[in-house]
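Below: the structure, in structure tokens.
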Amino acid sequence: MKRIIMLLMCMSFFLMKGQELTIPQLSQYLSDNPFLMSPTYAGIGNYVKVRMNGVTQWVGIRDAPDTQSLSADVRLGNRSGIGMVIYNDSNGETKQRGGKVSFAHHLTIDKYDDHYFSFALSFNLNQFRIDIENFDPNDDLAIVNDRSSSNPNFDVGTLYRRNGFYLSLNVSNILNKEFEKFDPIFEPNTLRNYYVYTGYKFRKNRRTDFEIEPSVFFQYFESDGRSITDINTKFKWFDFLDYYYAGFTYRFLNDQLGSPLYLAPIIGLKKGDFYFGYSYQVIMNELLGYSSGTHVVTLGIDLFQGISNCSCTY
């Protein structure tokens, strides 16, 4: 029992250090919600896209990470889009909540070849707090109140699309943070994350009711050199304007290719204006003996469908 407690304490310390003042990126972006990962997708779609995400990690482990988010984006004019995200994230006694506002602009390179380029900027505001309500004051007499910090920051991104191919490059938290209220030795002030998201949608023609979409998501943390990769595949079936999909994602640390963090089947559907997505992440590391896995649920609705004069927002 002591070994289990020590393992969880070490794991909680690592996670507190790794809480990157942003939304934890798991498989939410695969649930018809790439805007949650990159601001460049704001305004792509002829409607107001609203998505709610709930992530419950490591079910069975006390005080495991838990995240909720609400995002919405909409076309602005014929060639631009705006979006917003608000989120709440808890990880043991560390809490963070915040939001971001994004603007994206979409350029047409060749409308007959579905050839487009987009760029975007986001403003973020995050509040990070250590909750001492459950702390034993006899353990550390220096802890007398909650430690908290509010941090503004920016994200930038680009998106290239041609026919079924897409490539998104993003930098998150481009400004360094100031965290004097916390331990400067263990809390790096560099929070820049680099994202690459690319894939291809294989579809014989627009009348075909079946599509295969392999994709790769890469994330690099500048503060300590960590990096992860997701390898994804989605199979989508269309029924006029509705669709259904199933697939899987495989995540691993890039220095541990043969030791995956998790393997996650994904399913979802869009029926009319309503959307549902679900992913169950099967843990593949030492936590397997203590947790039954991670659940990711997405609910969505598309509102106020309109018509754009530019195919760059389709």
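Among the residues of the stretch 246-273, those that are over 17 Å from the mean Cα position of the chain (by Cα) and among the polar types (S, T, N, Q) comprise N254, Q256, S259.
Filtering S311, S227, S215, S279 for residues that are in contact with a helix residue (DSSP H, G or I) (Cβ under 9 Å, 6 or more places away or on another chain), among the hydroxyl-bearing types (S, T, Y) and surrounded by fewer than 18 Cβ atoms within 10 Å (Cβ to Cβ) leaves a single hit, S311. Within the stretch 185-205, the set of residues being open to solvent by 40 Å² or more (accessible area, probe 1.4 Å) and closer than 15 Å to F165 by Cα comprises V196, Y200, K201, F202, R203, K204, N205. Tell me, please, whether a residue that is modelled with pLDDT of 90 or more and in contact with an Asp or Glu (Cβ under 7 Å, 6 or more places away or on another chain) can be found in the stretch 53-60. Checking the stretch 53-60: not a single residue is modelled with pLDDT of 90 or more and in contact with an Asp or Glu (Cβ under 7 Å, 6 or more places away or on another chain). With respect to being closer than 19 Å to D302 by Cα and at pLDDT below 90, Y29 fits the description.
Every residue, every condition in (1) in contact with a Pro (Cβ under 7 Å, 6 or more places away or on another chain); (2) surrounded by 16 or more Cβ atoms within 10 Å (Cβ to Cβ); (3) under 19 Å from S71 (Cβ atoms); (4) not β-branched (V, I, T), yes or no:
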residue: M84; (1), (2), (3), (4): no, yes, yes, yes
residue: A104; (1), (2), (3), (4): yes, yes, yes, yes
residue: I109; (1), (2), (3), (4): no, no, no, no
residue: D113; (1), (2), (3), (4): no, no, no, yes
residue: A120; (1), (2), (3), (4): yes, yes, yes, yes
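Inside the stretch 234-252, can you point out the residues that are at pLDDT 90 or above and surrounded by fewer than 16 Cβ atoms within 10 Å (Cβ to Cβ)? Correct list: F235, W237, D242, Y244, A246, Y250. Which one is nearest to the chain's Cα centre (by Cα) among residues in the stretch 62-81 that are buried (at least 18 other Cβ atoms within 10 Å of the Cβ) and among the hydrophobic types (A, V, I, L, M, F, W, C)? By that ranking, first place goes to A72. Scanning the stretch 59-91 for residues that are touching a residue at least 60 places away in the same chain (Cβ under 8 Å) and closer than 20 Å to I130 by Cβ gives I61, A64, Y87, D89, N91. Tell me, please, whether a residue that is touching an Asp or Glu at 6+ places or on another chain (Cβ under 6 Å) and more than 27 Å from K204 (Cα to Cα) can be found in the stretch 250-272. Among the residues of the stretch 250-272, at least one is touching an Asp or Glu at 6+ places or on another chain (Cβ under 6 Å) and more than 27 Å from K204 (Cα to Cα), which makes the answer yes.
Considering the stretch 164-182, the residues that are open to solvent by 60 Å² or more (accessible area, probe 1.4 Å), more than 20 Å from the chain's Cα centre (by Cα) and modelled with pLDDT under 90 include one that is nearest to T108 (Cα to Cα), namely N176. Residues that are part of a loop (DSSP other than H, G, I, E, B) and in contact with a Ser or Thr (Cβ under 6 Å, 6 or more places away or on another chain) within the stretch 215-243 comprise E222, S223, listed in sequence order. Across the stretch 92-122, the number of residues qualifying as on the phi < 0 side of the Ramachandran plot and over 16 Å from the mean Cα position of the chain (by Cα) comes to 21.
The values are calculated or read from the model by the stated rules, or taken from the named source; none is laboratory data. On a predicted model such as this, the values are computed, not experimentally measured, just so you know. All Cβ positions, glycine included, derive from the backbone under ideal geometry; neighbour counts span all protein chains shown. Surface accessibility is based on the protein's heavy atoms, side chains included, excluding ligands, DNA and RNA. Shrake-Rupley method; radii C 1.70, N 1.55, O 1.52, S 1.80 Å.
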